[in-house]
Amino acid sequence: MSKAIRIEHNGGPEVLQLIDVQVGDPGPGEIRIRHKAVGLNFIDVYQRDGLYKLPMPLHLGMEASGIVEAVGEGVSHLKVGDRAAYASQPPGSYCELRVMPAKCVCKLPDAIDFDTGAAMMLKGLTAQYLLKRTLPVQGLQAGDHILFHAAAGGVGLIATQWAKALGYQLIGTAGSDAKCKLALEHGAAHMINYNTEDFEARVKEITGGKGVKVVYDSVGKDTWEKSLNCLSPFGLMACFGNASGPAPAFAPAMLAAKGSIYVTRQTLFTHIATRETTQEMADQLFDVVTSGKVKIRIDQRYPLEQVQQAHRDLEARKTTGCTILTL
């Protein structure tokens with residue numbers, strides 16, 4: 001038996017219910033993993049509240065770390081007893097024990113503890129595909145300015161450090177002076193408090209009116225229009241979340257008027273669609289973390305039983321860095 005979090009219908013944090021479930025043996029291509037820690041992400045909120053529609057009842061959670069207990073037929077990259085971590089579909093990591101596809105589960109280096117492994121996979125792989133695989137048509141070179149919204153969040157604090165290691169001048173936004181200070185301490189070149197400053201005007205000021213080659217935006221509706229105005233000609237608007245709600249619809253002619261710019265809506269799960277790509281991306285993440293260039297900051301820990309409060313705090317923008325559920 002395993003404790004698990006399940007919802008019967010979409011709604012607020014109150015729909016998250018702790019239940020007992022029976023866990024069986026893994027089938028072909030699957031493993032059974034006993035979790036040591038579980039990661040919390042904004043995608044969990046989107047699935048809970050119905051922005052991302054999924055069949056009900058639904059077990060939530062997209063990342064965790066733990067120890068492999070059993071291995072199904074055809075799984076060759078993992079064995080019983082391996083330390084492992086993952087960001088993976090289908091949802092279901094909010095639990096003590098689960099059977100799941102092995103494809104996106106990676107061996108966790110001994111130098112990375114379980115809490116860090118649970119906190120870093122979805123957010124770290126997201127930062128990897130943004131900075132390494134989602135690039136403007138002109139590419140990015142050391143010294144280039146990039147704009148990264150929510151720079152003090154889980155993905156943001158990883159991206160600020162990684163961008164600095166790559167030589168980029170990251171301009172970040174956050175909703176308080178304390179969060180701006182935190183991101184600056186983690187490698188942001190400039191920070192803008194969007195509650196007290198016009199981030200579009202500040203970006204133009206910082207870049208001498210040129211704008212940035214790329215905007216990485218997980219906020220959505222509230223930052224959409226001004227983000228587009230921050231782009232230089234042929235720049236890229238890379239959306240990867242909707243924290244304030246979905247970005248508005250637009251006419252393609254608008255892209256021409258704003259400088260022949262590009263818009264893309266990315267998701268991690270397209271990037272980790274194969275075992276080979278998942279491992280390649282994870283290896284880069286493990287390397288940058290074990291080297292010390294990127295430190296995974298875990299600012300909040302909640303017992304699994306307090307998952308409702310964890311969701312309330314996440315939605316209220318009370319969290320910084322990464323958040324994990326403990327078992």
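If the condition is being within 23 Å of Glu276 (Cβ to Cβ) and crowded, with 24+ Cβ neighbours inside 10 Å, then the stretch 89-101 contributes only Ser93. Quick check on this structure: which one of Pro90, Pro55 is part of a loop (DSSP other than H, G, I, E, B) and over 20 Å from the mean Cα position of the chain (by Cα)? One residue alone meets the criteria, Pro55. The test for being surrounded by fewer than 17 Cβ atoms within 10 Å (Cβ to Cβ), of a type in the set (S, T, N, Q), at pLDDT 95 or above and out of contact with any helix residue (DSSP H, G or I) (no Cβ under 6 Å at 6 or more places or on another chain) does not hold for Gln47. Close contacts from the stretch 176-201, counting a first residue that is closer than 21 Å to Asp222 by Cα and a second that is acidic (Asp, Glu) and part of a helix (DSSP H, G or I), with Cβ to Cβ under 6 Å and a gap of 6+ residues or different chains, come to Asn193/Asp177.
Remark: pairs (first residue in the stretch 49-66, in the same structural domain as Arg83 (by TED's automatic domain parsing); second residue aromatic (Phe, Trp, Tyr) and surrounded by 24 or more Cβ atoms within 10 Å (Cβ to Cβ); Cβ separation under 8 Å; 6+ apart in sequence or on different chains) = His59/Tyr94; Leu60/Tyr94; Gly61/Tyr94; Glu63/Tyr86; Ala64/Tyr86; Ser65/Tyr86. The helices (runs of 4 or more DSSP H) found entirely in the stretch 132-207 include none that carry 2 or more residues being touching a His at 6+ places or on another chain (Cβ under 8 Å) and either acidic (Asp, Glu) or not assigned by TED's automatic domain parsing to the domain that holds Cys239 (or both).
Identify the residue in the stretch 124-155 that is within 10 Å of the chain's Cα centre (by Cα) and modelled with pLDDT under 95 and, among all such residues, is surrounded by the fewest Cβ atoms within 10 Å (Cβ to Cβ). It comes out as Val155. In the stretch 65-78, the count of residues that are out of contact with any Lys or Arg (no Cβ under 9 Å at 6 or more places or on another chain) and closer than 25 Å to Glu14 by Cβ is zero. With respect to the conditions (1) closer than 18 Å to Lys295 by Cα; (2) under 19 Å from the mean Cα position of the chain (by Cα), Glu185 lacks only one, and its number is (2). In the stretch 16-33, how many are outside any loop (DSSP other than H, G, I, E, B) and surrounded by fewer than 18 Cβ atoms within 10 Å (Cβ to Cβ)? Qualifying residue count for the region: 5.
The values are calculated or read from the model by the stated rules, or taken from the named source; none is laboratory data. What you are looking at is a predicted structure, and each value in this text was computed from that prediction instead of being measured. Neighbour counts are summed over all protein chains in view; Cβ atoms, including those assigned to glycine, are modelled from backbone coordinates with ideal geometry.
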